[in-house]
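Since the structure comes first, as structure tokens, the remarks are kept for the end.
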Amino acid sequence: MAPTYDEIRLAPKVLLHDHLDGGLRPSTVVELAAEVGHELPADSADALGEWFTRAADSGSLERYLETFSHTVAVMQTAESLHRVAAECALDLARDGVVYAEVRFAPEQHLTRGLTLPEVVEAVLAGFVDGSARAAAEGKPIRMGTLLTAMRHAARSMEIAELSVRYRDGGVVGFDIAGAEAGFPPTRHLDAFEYLQRENFHFTIHAGEAFGLPSIWQAIQWCGADRLGHGVRIVDDIDPADRSLGRLAAYVRDKRIPLELCPSSNVQTGAAPSIAEHPIGLLRDLRFRVTVNTDNRLMSGTSMSREMALLCDAFGYGWTELQWFTVNAMKSAFIAFDERLALINDVIKPGYAKLGAA
Ligand SMILES: [Zn+2]
């Protein structure tokens with residue numbers, strides 16, 4: 001029997017790729033927009049939620065990224081950032097996520113006068129607050145924060161330094177995001193080299209809309225620990241006999257985690273449908289595959305929903321869901337002993353109770 005959505009909600013889940021500005025509650029966007037006088041494309045929370053998923057369904061990454069102008073516009077004060085972060089932690093915990101790395105770009109939250117450290121501190125405090133509320137509901141969640149620099153901008157070194165500055169306050173890694181075409185990750189080489197010298201962790205959005213050169217640069221030039229999406233690695237796998245090219249073999253041999261985001265990939269055109277998503281092939285070939293939400297608001301999704309969609313499309317059961325979850329926990333940016341404790345004390349007992357083999 002395939003696990004149902006309601007059963008999956010009870011399973012412990014791990015999320016490595018989720019954007020803070022892509023996961024607001026529609027009702028929160030409506031309320032915060034009213035406070036700051038930001039005009040929205042819809043008035044009610046329901047209509048707005050639908051607008052976001054429709055706009056994100058257009059099939060282009062650029063159009064998809066446009067939807068963020070509305071969420072970012074209402075996240076420009078310490079109070080609003082705190083609220084959004086707290087609700088994020090709470091929503092994830094209620095969905096059964098036990099460990100999450102949520103990312104955001106501090107440089108996008110400066111239009112009303114906040115400084116970069118003020119933005120980071122507001123979000124970190126919000127995660128602490130939300131985690132405490134979740135624990136009080138009996139749904140403990142460990143939150144990790146990733147700071148994102150924008151690919152097209154020139155602030156990556158500053159954001160990298162900010163990440164290291166807050167490494168003991170909840171920031172566990174660094175990322176770059178934004179449109180891939182024309183903005184190769186090597187533009188930010190100084191930031192990645194700095195992070196390596198600091199023994200810090202980073203992931204890079206690569207191989208989503210753009211192909212193998214982007215993945216190759218992220219790994220072999222920039223030294224990324226993980227690939228944000230990385231789904232185009234399939235371009236280096238022969239569809240006839242499933243043989244791996246040099247880059248795909250390297251990614252698999254080195255166990256480089258792929259932060260796959262099925263619904264988001266379908267929306268941006270990186271995959272034609274969930275059923276045809278390369279996650280099936282990549283799992284068969286035992287790449288270090290993880291399942292992620294990317295932008296819960298734009299995709300109208302959650303971790304449980306992503307897993308339920310995969311169960312429907314590929315016939316996965318608890319064994320596969322546990323494998324994705326352990327893969328993600330192994331690939332997290334927190335310390336080894338903490339990862340191990342979550343795997344042995346929370347994840348494995350949780351799936352055993354649900355009937356995983
Ligand atoms: Zn992303």
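Check whether at least one residue in region 62-70 is within 16 Å of the ligand (Cβ to nearest atom), in a helix (DSSP H, G or I) and basic (Lys, Arg), and report yes or no. Checked against the condition, which is being within 16 Å of the ligand (Cβ to nearest atom), in a helix (DSSP H, G or I) and basic (Lys, Arg), region 62-70 yields at least one hit. Applying the criterion of being more than 13 Å from the ligand (Cβ to nearest atom) and not in a helix (DSSP H, G or I) to the residues of region 247-272, the residue that is farthest from Leu309 (Cα to Cα) is Lys254. Taking region 1-20 as the search range and keeping residues that are outside any strand (DSSP E or B) and in contact with a strand residue (DSSP E or B) (Cβ under 6 Å, 6 or more places away or on another chain), which one is nearest to Val326 (Cα to Cα)? Here the answer is Pro12.
For first residues located in region 114-126 and buried (at least 17 other Cβ atoms within 10 Å of the Cβ), partners that are charged (D, E, K, R) and lie 6+ apart or on another chain with Cβ distances below 9 Å form the pairs Leu116/Glu107; Leu116/Arg155; Leu116/Glu158; Val119/Glu107; Val120/Arg165; Ala122/Glu79; Gly126/Arg83; Gly126/Glu87. The residue that is farthest from the ligand (Cβ to nearest atom), counting only those in region 225-246 that are touching a residue at least 40 places away in the same chain (Cβ under 8 Å) and not in a strand (DSSP E or B), is Arg242. A single entry from Ala341, Ala356, Ala332 fulfils the requirement of being touching a strand residue (DSSP E or B) at 6+ places or on another chain (Cβ under 8 Å) and of a type outside the set (Phe, Trp, Tyr): Ala332. Filtering Ala56, Ala11, Ala33 for residues that are under 18 Å from the mean Cα position of the chain (by Cα), surrounded by 18 or more Cβ atoms within 10 Å (Cβ to Cβ) and small (Gly, Ala, Ser) leaves a single hit, Ala56. Screening region 113-224 for helices (runs of 4 or more DSSP H) wholly inside it with 2 or more residues that are of a type in the set (Asp, Glu) returns the ranges 116-136, 156-165, 189-197. Of the residues screened, Ala85 is not one that is of a type in the set (A, V, I, L, M, F, W, C), under 26 Å from Glu39 (Cβ atoms) and assigned to a loop (DSSP other than H, G, I, E, B).
Counting residues in region 79-86 that are farther than 30 Å from Lys330 by Cβ, surrounded by fewer than 20 Cβ atoms within 10 Å (Cβ to Cβ) and out of contact with any strand residue (DSSP E or B) (no Cβ under 7 Å at 6 or more places or on another chain) gives one or more. Between Leu281, Leu244, Leu285, Leu321, the distinction of being over 19 Å from Thr148 (Cβ atoms), more than 16 Å from the chain's Cα centre (by Cα), crowded, with 21+ Cβ neighbours inside 10 Å and hydrophobic (A, V, I, L, M, F, W, C) belongs to Leu321 only. Taking residues in region 11-30 that are closer than 16 Å to Pro41 by Cα, and partners anywhere that are within 16 Å of the ligand (Cβ to nearest atom) and modelled with pLDDT of 95 or more, the pairs with Cβ atoms closer than 6 Å and at least 6 places apart or on different chains are Leu24/Thr71; Leu24/Leu297.
When the residues of region 273-298 are filtered to those that are under 16 Å from Asn327 (Cβ atoms) and among the charged types (D, E, K, R), the one that is nearest to the ligand (Cβ to nearest atom) is Arg288.
The values are calculated or read from the model by the stated rules, or taken from the named source; none is laboratory data. All values reported here derive from a predicted model rather than from experimental measurement. So basically every Cβ, Gly included, is an ideal-geometry build from the backbone, and we count neighbours across all protein chains shown.
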